[in-house]
1. Using only the alpha-carbon atoms of the stretch 44-177 as identical scatterers, what base-10 log of I(q)/I(0) does the Debye formula give at q = 0.09, 0.12, 0.19 Å⁻¹?
2. For R118, R84, what's the fewest-to-most ordering of other Cβ within 10 Å of each Cβ?
3. What is the order of S61, S48, fewest Cβ neighbours within 10 Å to most?
4. Amide H of S162: which non-local residues (sequence gap of 5 or more, or other chain) have their own amide H closer than 5 Å, using H built in the peptide plane?
5. Treating only the Cβ of Lys, Arg, Asp and Glu as charged (+1, +1, -1, -1), what charge dipole size does the stretch 44-177 show about its Cα centre? Round to the nearest 20 debye.
Amino acid sequence: MKVFYFALVLPLLFTACGDSASDLSQHDHDHKHLQAEASEALPINPVSVIGGVTVLEMTGSDRMKYNLEAFSVPAGSLVKLNFRNVGKMPKAAMGHNVVFLKAGVDSGAFATAAAAARDSEYIPAQLVDQILAYTKLLGPGENDTIEFTAPALSGDYEFLCSFPAHLFAGMRGVMTVE
């Protein structure tokens, strides 16, 4: 009877521990998913110049990161930003935008004020004069394209996601005007 019981329970134990082939299959699936997300999040040429216009291919992800954190543009030149939210989380929980600030603006103070501006997609009306340009707040799979003229004065101009806490999580960058 003990041998019969052991013969019956032993296969169940191995089954409960997981099949190594299916574990590898799940690992491969997870790895491929991460590769796909990475390829979506990182365009091959995120900055190009076409006919004198600096074209930016920027993405925002559920990891609260942009694929592009620094780039340069000529002073007074036209800039075209194609922005895409490559994340999967809902807009209400993980919306993204890109807000370019004027020189000397305190990005931390701006982001703090923006957190209270939910009804205007986190663009605080009282601070609009501190903004060079901004995209719409995007949900998963959405995109927006904006065009603006880079400032005439050389220097570093911060950009950020104004969704609450995203700046402080690292969703920021610098546009250098040369």
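Readers should treat all values here as calculations from the given coordinates under stated rules, not as data from a laboratory. Small disclaimer: the values here were computed from a predicted structure and weren't measured. Cβ: placed from backbone, ideal geometry, glycine included. Neighbour counts: every protein chain shown.
1. These q points yield log10 I(q)/I(0) values of -0.23, -0.41, -1.06.
2. Details: R118 12, R84 23.
Ordered from fewest to most neighbouring Cβ atoms within 10 Å, R118, R84 come out as R118, R84.
3. S48, S61
4. N97, V99
5. With Lys and Arg at +1 and Asp and Glu at -1, about 280 debye.
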